[in-house]
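Just below is one structure, and these are the notes that go with it.
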Amino acid sequence: MNDAIRVMIVEDHALVRTGLRTALRAAGFNVVGEAADGISAEGVAARERPAVAVVDLGLPGRDGTELVRRFRGLRDGPRCVVLTTRTDENSILGSIEAGAFGYCSKASAEDGLLDAIRAAHRGAFYLDPEAASVVRRGTVAKGDAAGSPLTARETEILQCIARGAGNSDIAEDLHISLATVKTYVADILRKLMAADRAHAVAVGVRRGLIA
């Protein structure tokens with residue numbers, strides 16, 4: 001249920017915050033806090049304990065990418081969805097590598113943001129169509145996918161991780177044992193030199209390994 005998802009809004013423009021608050025509440029989400037800059041956002045998150053934070057990149061005090069990175073480093077920090085006017089590859093990939101679970105353009109449809117929040121809440125990753133297209137174009141231009149260090153099965157499992165599937169879900173879906181999944185995940189982290197599953201997905205996005 002959407003009403004179980006506690007959301008905070010980090011946006012420096014008051015009119016945008018008002019619009020987001022109205023839209024999210026109309027969709028059934030529980031908006032528990034708001035902040036107009038990247039510094040006060042940490043206090044709001046500590047007090048209200050949202051599950052998901054919708055974060056603009058161009059924030060005063062501390063930019064959105066650094067805020068995402070700080071939230072990711074917290075034990076019970078919110079999962080972040082970036083909502084921004086920036087659609088360049090560096091902003092998209094930088095946000096994902098900092099720990100964002102979603103990236104949406106402010107010009108995209110409202111449903112995309114709602115889907116991104118739901119995905120982040122369940123531990124899945126979401127790029128709106130424009131962001132996904134930018135990443136794909138960059139990947140093709142650089143030819144990154146051709147040099148994948150992963151096997152076809154490892155790539156399949158990485159894509160499952162990106163959709164928010166846990167090890168047990170992956171084992172059931174692919175009809176393999178839980179121990180085998182754990183071995184695959186460990187190999188994926190090693191080959192991508194990733195610190196954790198989220199980092200592995202970020203690397204996978206950058207290198208064009210995730211569809």
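The values are calculated or read from the model by the stated rules, or taken from the named source; none is laboratory data. This structure is a prediction, so every number in the text was calculated from the model and none was measured. Positions of Cβ are backbone-derived with ideal geometry, glycine not excepted, and every protein chain shown enters the neighbour counts.
Some values worked out for this structure:
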{"read-out": "Subset tally (residues that are small (Gly, Ala, Ser), under 15 Å from the mean Cα position of the chain (by Cα) and part of a helix (DSSP H, G or I)) for region 147-206", "value": "5"}
{"read-out": "Complete set of residues in region 17-41 that are over 13 Å from Leu67 (Cα atoms), free of Cβ contacts under 8 Å to residues at least 40 places away in the same chain and not charged (D, E, K, R)", "value": "Thr18, Gly19, Thr22, Ala26, Gly28, Asn30, Val31, Val32, Gly33"}
{"read-out": "Residue ID - nearest to Ile9 (Cα to Cα), chosen from residues in region 77-96 that are among the charged types (D, E, K, R) and part of a loop (DSSP other than H, G, I, E, B)", "value": "Arg86"}
{"read-out": "Yes/no for Val82 being out of contact with any Phe, Trp or Tyr (no Cβ under 6 Å at 6 or more places or on another chain), assigned by TED's automatic domain parsing to the domain that holds Gly33, buried (at least 23 other Cβ atoms within 10 Å of the Cβ) and not small (Gly, Ala, Ser)", "value": "no"}
{"read-out": "Those residues of region 164-193 which are out of contact with any helix residue (DSSP H, G or I) (no Cβ under 7 Å at 6 or more places or on another chain) and under 17 Å from Arg207 (Cα atoms), in sequence order", "value": "Arg190, Lys191, Met193"}
{"read-out": "Cβ pairs under 7 Å, 6+ apart, first in region 147-169 and under 12 Å from Lys191 (Cα atoms) and outside the structural domain of Arg118 (by TED's automatic domain parsing), second assigned to a helix (DSSP H, G or I) and polar (S, T, N, Q)", "value": "Ser148/Thr155"}
{"read-out": "Boolean, Arg190 is among the basic types (Lys, Arg) and in contact (Cβ under 8 Å) with a residue 24 or more places away in the chain", "value": "no"}
{"read-out": "Answer from Asp169, Asp128 - the residue that is acidic (Asp, Glu) and farther than 29 Å from Arg21 by Cβ", "value": "Asp169"}
